[in-house]
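Down below is the structure, laid out as structure tokens.
The values are calculated or read from the model by the stated rules, or taken from the named source; none is laboratory data. None of these values were measured; they are calculated from a predicted model. Heavy atoms of the whole protein, side chains included, go into the accessibility calculation; ligands, DNA and RNA do not. Shrake-Rupley method; radii C 1.70, N 1.55, O 1.52, S 1.80 Å.
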Amino acid sequence: MAFQGRAALIAVDVQQGILGMVPGEVSADLVAKTSALADAFHAADLPVVWVHATGLPAGVTERPIPEPDELPDHFSELDPRLPVHDGDIHVNKPRTWSAFVGTGLAEKLRELGVSDVVVLGIATGAGVESTARSAYDEGFHITAAVDAMVDGNPARHEQAIAEDFPSIGIVSTTADIVAGLSED
């Protein structure tokens, strides 16, 4: 797997409160793959972005989600097993699904010379896909690390992987992305 230019990793919502909603074995696998990718990006001296959901969009929905004051303590803190380094970028999403809307992330990545982003995290067809679509709209090349994503809605997960991500970028695996980074 080859990137078009300088790449950054964007890990969406791999945080205690959301991981706690995922079965333990699925959570452990996601953390392991996220860690492998973050380690590879760190080793290549490439940016790693940790996205924290700190609130929820304000729109009315048929499927209500808890308000921020109803969320458990430590909800938005990253899982302690993740290899977070000083100098990593942290983005708080107070009222959006996308890490790009209203956060200044696109500008920060451009300042760092980034042209490609690898996205992963929770939930595949929600925050991860929304972040990838926004990145695509901002002109970044997208790689979806599809084995490092989970979604509580299996149909939404499969739709995103089979139809949506291929329409806006490249679909790849953790192993292929790590191998590509070590080749550069």
The range 80-158, accessible surface, carbon-and-sulfur percent (1.4 angstrom probe): 51
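Keeping every protein chain present and rolling a 1.4 Å probe, give me the accessible area per residue for the range 74-166 in Å².
The answer is 44 Å² per residue.
I want the antiparallel fraction of DSSP beta bridges within the chain, as a percent rounded to 5.
5
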Whole-number percent relative contact order across the chain, with pairs defined as alpha carbons under 8 Å at least 6 apart: 29
GNM flexibility winner over the chain from V146, V119, V22 (Cα, springs under 10 Å): V22
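Using DSSP H assignments, which helices in the chain have an axial alpha-carbon span of 18 Å or above and a mean Kyte-Doolittle hydropathy of 0.0 or higher?
The answer, listed by residue number, is 24-43.
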Correct choice for volume of the Cα convex hull per residue in Å³ that was computed from the model, options (1) 113; (2) 123; (3) 158: (1)
Choice from D137, D79, D151 showing the highest fluctuation, given a GNM over the chain with Cα pairs closer than 10 Å: D137
